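Each remark here refers to the structure printed beneath this line.
The values are calculated or read from the model by the stated rules, or taken from the named source; none is laboratory data. The structure presented is a predicted model; accordingly, all values stated were derived computationally and were not measured. Cβ placement follows ideal geometry from the backbone for every residue including glycine, while neighbour counts extend to all protein chains displayed.
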Amino acid sequence: MLGNGVERLFLTDWKSATIDMKDFEIDQYLAEINVCVDDLCGRVNFVGLCQGGWMSAMYAARFPRKVASLVLAGAPIDTDAGDGPVKRMAHEFPTLFYEELIAIGGGLMRGELMLCGWKGMHPAEHYIT
């Protein structure tokens, strides 16, 4: 983006939650982003990938006047969209399955468990080839 004329580019990186963050709610994350947006210029163009995509979408929904544009890639927003493995997992696994994954993580959804799930959606690609 910098090489194509974007002069002001800022990046946030989704880090793994720590145990002291297990009770955070979406509003706390959005408040942190809002402070950054206000400090930068008050209006932004978001490009969100994966978790950053749904967070960007949530921010845009909550603060539409502060978002000039929104581009999402691989963002887990609508589990009913398409006919891929995310949709099948969302419909086939009971809520208790996901609650137990969070319990195993001590109140967090651990990234290594999510990675196993993502790889399990395309096992041949990730484990054979």
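Worth a mention:
- Taking residues in segment 91-110 that are in contact (Cβ under 8 Å) with a residue 24 or more places away in the chain, and partners anywhere that are of a type in the set (D, E, K, R), the pairs with Cβ atoms closer than 9 Å and at least 6 places apart or on different chains are G106/K22; G107/K22; G107/D23; L108/K22.
- Candidate set from segment 20-46 (those that are surrounded by 12 or more Cβ atoms within 10 Å (Cβ to Cβ) and in contact (Cβ under 8 Å) with a residue 40 or more places away in the chain); member that is nearest to G106 (Cα to Cα): K22
- Segment 16-65, residues that are of a type in the set (S, T, Y) and more than 22 Å from L113 (Cβ to Cβ): S56, Y59
- Some residue of segment 61-73 being assigned to a helix (DSSP H, G or I) and of a type in the set (G, A, S): yes
- Residue count for segment 21-54, restricted to those that are over 18 Å from the mean Cα position of the chain (by Cα), modelled with pLDDT of 90 or more and not hydrophobic (A, V, I, L, M, F, W, C): 2
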